[in-house]
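Q: One structure is given below, represented as structure tokens, and several questions about it will come after.
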Amino acid sequence: DGHAAATHTVRVHRPWGFYQSIHNGDRFQVKRITVKPGEKLSLQKHYHRAEHWVVVNGTAIVTRDDDKILLRENESIFLPLGCVHRLENPGKVPLNLIEVQSGPYLGEDDIVRIEDIYARPEFETSKR
């Protein structure tokens with residue numbers, strides 16, 4: 001079992017930073033997300049999952065539909081299924097957060113990108 005656990009902590013690098021899966025369960029997944037200072041993820045939505053984001057350290061600006069919310073250490077936000085959302089790090093230090101996804105399908109291809117500063121394709125495959 002130790003070997004299987006080791007494979008799940010692989011960091012997946014992205015232009016904005018990286019994420020790693022911490023735990024996969026039935027209908028839920030926990031990820032650690034690190035966003036480099038001044039970077040932001042694509043504006044996106046999901047058809048099959050809701051997400052909870054908890055800031056571990058750093059500062060986050062979260063876009064959720066028409067709202068922009070500033071989150072600091074130990075603060076959290078709920079992103080209901082289907083909402084348009086984005087995560088950005090306005091600070092000078094890396095932003096670390098824990099993401100808890102819940103829903104019937106948690107694949108990385110359940111992303112509809114509405115706007116992406118890195119000009120990536122609308123649907124991302126899990127190829128690395």
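The values are calculated or read from the model by the stated rules, or taken from the named source; none is laboratory data. Please read all numbers here as calculations on a predicted model, not as lab measurements. Every residue, glycine as well, gets a Cβ built from its backbone with ideal geometry; the counts of neighbours run over all protein chains shown. Protein only, heavy atoms only, side chains kept; ligands, DNA and RNA dropped before computing areas. Shrake-Rupley method; radii C 1.70, N 1.55, O 1.52, S 1.80 Å.
Q: Is it the case that Q20 is touching a strand residue (DSSP E or B) at 6+ places or on another chain (Cβ under 7 Å), closer than 19 Å to G103 by Cβ, of a type in the set (S, T, N, Q) and open to solvent by less than 60 Å² (accessible area, probe 1.4 Å)?
A: For Q20, the condition - touching a strand residue (DSSP E or B) at 6+ places or on another chain (Cβ under 7 Å), closer than 19 Å to G103 by Cβ, of a type in the set (S, T, N, Q) and open to solvent by less than 60 Å² (accessible area, probe 1.4 Å) - is not met.
Q: Also: Is it the case that Y118 is of a type in the set (S, T, Y) and either surrounded by 15 or more Cβ atoms within 10 Å (Cβ to Cβ) or closer than 18 Å to R14 by Cα (or both)?
A: Judged against the criteria, Y118 is a match.
Q: Something else now. Give the residues of region 55-68 that are under 14 Å from the mean Cα position of the chain (by Cα) and surrounded by fewer than 16 Cβ atoms within 10 Å (Cβ to Cβ), sorted by residue number.
A: If the condition is that a residue be under 14 Å from the mean Cα position of the chain (by Cα) and surrounded by fewer than 16 Cβ atoms within 10 Å (Cβ to Cβ), then V56 is the only one that fits.
Q: Within region 82-101, is even one residue touching an Asp or Glu at 6+ places or on another chain (Cβ under 9 Å), at pLDDT below 95, on the phi < 0 side of the Ramachandran plot and among the acidic types (D, E)?
A: Taking every residue of region 82-101 in turn, none turns out to be touching an Asp or Glu at 6+ places or on another chain (Cβ under 9 Å), at pLDDT below 95, on the phi < 0 side of the Ramachandran plot and among the acidic types (D, E).
Q: Is it true that some residue in region 28-48 is under 9 Å from N89 (Cβ atoms), assigned to a strand (DSSP E or B), of a type in the set (A, V, I, L, M, F, W, C) and without any contact (Cβ under 8 Å) to a residue 60 or more places away in the chain?
A: Looking for residues that are under 9 Å from N89 (Cβ atoms), assigned to a strand (DSSP E or B), of a type in the set (A, V, I, L, M, F, W, C) and without any contact (Cβ under 8 Å) to a residue 60 or more places away in the chain, one finds none in region 28-48, hence no.
Q: Within region 90-115, can you find the residues that are open to solvent by less than 40 Å² (accessible area, probe 1.4 Å), part of a loop (DSSP other than H, G, I, E, B) and touching a residue at least 60 places away in the same chain (Cβ under 8 Å)?
A: G103, L106, D110, I111
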